[in-house]
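Q: I'd like to ask you about the structure that follows.
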Amino acid sequence: MTSRKEHALKRRDLAVNKLTSLGDRIIDDVAKQTVPAIRVPSRGTSNIVYDEDRRYYVLGDRYGQRSLGNVKQIKKIGQMVYMANFCKGLVQTGKTATLREMYYVSEGWDIDFGDQQESNIVGEDLEVTLGITREDLGLMPEEDGASVYGDITLKDDDVEINAMRMGKSGYTISPTIDEVELLDHNVERVIAVETMGMFHRMVQENAYKKFNTLIVGLKGQAARATRRFLKRVNEELGLPVYICNDGDPWGFHIAMVIISGSAKLAHVNHELATPNAKFLGVTASDIVNYDLPTDPLKDIDVLRLKELYKDPRYRDEFWKVEIKKMLKIGKKAEQQSFSKYGLEYVVDTYIPEKLDAL
């Protein structure tokens, strides 16, 4: 069986080969006195397709071509080549850089970026062109990883870590989670919660014991590493994943990105989406049935709910019913609203009843 370290080395070798091949193709074109060009898969909305079988968004087969024969595209190609060379150096030396660091490094290049958003977009162009993730290119996000609490043992950089022995904040998911080995566990499921407030509440109320579960604090919209971790524990360890979010369109979206991926990351959803994950969060029915404290829907909430209703990821009858009901009652509610019945209520009553109903 291939270890995670061997797996990581193979991915690094693949990244170096693809980066080298990109440069070789340009050099070959120059040697043949052909105008160098790079084919870049289109990430436009018309080329993003919801795959019913895979249950997540994928890229279609449309490509764009960037050519040095087009004056408007010369700078873009130059940015990609400089970035590819920078990433090749990272991968070959086993180093990483944050997206912010790369942006500042580019200040010393002959071709720089107007701002970090521009460099981030070129980074996405590079990963979709090569067919590998930015993490494989040595590029890491700025945000802190999510927290995991519960009885799971991991091997991170040759150090064995149990997520229940790391203090009440648990283990912080590494941006290089694909290099982390999942050694052992003694849990039956994973419950991922949107807010760190709910994460700490569940740890304090011993939810990890009551439900024999890992608790993952998402910190809002889940980072790529968090989604990758959830996918790995689901597929490699066979643990069912449940997502407990606020009862509003934004909470629904956070959960659905974990389940079915995002349109923006259609080129890497196969690495990130967990189609079998279940929504355990607050629904419109919960708002009514538990008589929860609420806030009125704002115009932007209503607009977003109507967008979700048309989104193919929300095709199941469950979502259709709950979205329509939320629009009808005109209310939304947070997970913490269950505190109306006491701090222990969400763990002692609400989650057991929701798990039983699934």
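Read-outs throughout are calculated quantities, based only on the coordinates presented, and are distinct from any laboratory measurement. Remember, predicted model here, so these are calculated numbers, not experimental data. Please note: Cβ atoms are built from the backbone with ideal geometry, for glycine as well, and neighbour counts cover all protein chains shown.
Q: Between Asn206 and Arg39, how high is the FRET efficiency from 1/(1 + (r/R0)^6) when r is the Cβ-Cβ distance and R₀ = 41 Å? Nearest 0.05. Provide the component values of the computation, followed by the final result.
A: Values: r = 54 Å, r/R0 = 1.32.
With a Förster radius of 41 Å, E is 0.15.
Q: Just want the ordering: Asp301, Asp53, from fewest to most Cβ atoms lying within 10 Å of their own Cβ.
A: Values: Asp301 19, Asp53 6.
Ranked by crowding around the Cβ, least crowded first: Asp53, Asp301.
Q: Between Val49, Val35, Val268, find the one with the highest GNM mean-square fluctuation for the chain; connect C-alpha pairs within less than 10 Å.
A: Highest fluctuation of the listed residues: Val35.
Q: Label-point separation (nm) for Tyr345 and Lys32, each offset 7 Å from Cα along Cα-to-Cβ?
A: 7.0
Q: Run lengths n ≥ 4 of DSSP H only: what is the helix-derived mean residue ellipticity at 222 nm for the chain, with -39500 (n - 2.57) per run over all residues, to the nearest 500?
A: Details: 13 runs with 150 residues, N = 358.
After summing the helix terms and dividing by the residues of the chain, the value is -13000 deg cm²/dmol.
Q: Moving on to the next point. Pull out the extension gain between Ser169 and Gln336, defined as 0.36 nm times the separation in residues minus the alpha carbon to alpha carbon distance; nm, one decimal. Numbers along the way, then the final one.
A: Numbers: separation 167, 0.36 × 167 = 60.12 nm, distance 1.88 nm.
That pair, Ser169 and Gln336, stretches by 58.2 nm at full extension.
Q: Also, I was wondering about something else. Sort Asp286, Asp136 by Cβ crowding within 10 Å, fewest neighbours at the top.
A: In increasing order of surrounding Cβ atoms, one gets Asp286, Asp136.
Q: Could you calculate the FRET efficiency of Glu118 with Asp51 from 1/(1 + (r/R0)^6), where r is the beta carbon distance between them and R0 is 30 Å, rounded to 0.05? Intermediate values should be presented prior to the final figure.
A: Working: r = 30 Å, r/R0 = 1.00.
Rounded to the nearest 0.05, the efficiency is 0.50.
Q: Would you mind ranking Lys331, Lys72, Lys5 so that the residue whose beta carbon has the fewest other beta carbons within 10 Å leads the list? Could the numbers behind the result be given before it?
A: Values: Lys331 20, Lys72 8, Lys5 14.
Ordered from fewest to most neighbouring Cβ atoms within 10 Å, Lys331, Lys72, Lys5 come out as Lys72, Lys5, Lys331.
Q: For Asp61 and Leu183, what is the calculated FRET efficiency with R₀ set at 51 Å and r taken between the beta-carbons, to the nearest 0.05? Can you show the working numbers first?
A: Numbers: r = 40 Å, r/R0 = 0.79.
That gives a FRET efficiency of 0.80.
Q: Relative to the longest principal axis of the C-alpha atoms of the chain, give the angle of the C-alpha long axis of helix 317-329, reported between 0 and 90° and rounded to the nearest 10°.
A: It is inclined by approximately 70 degrees.
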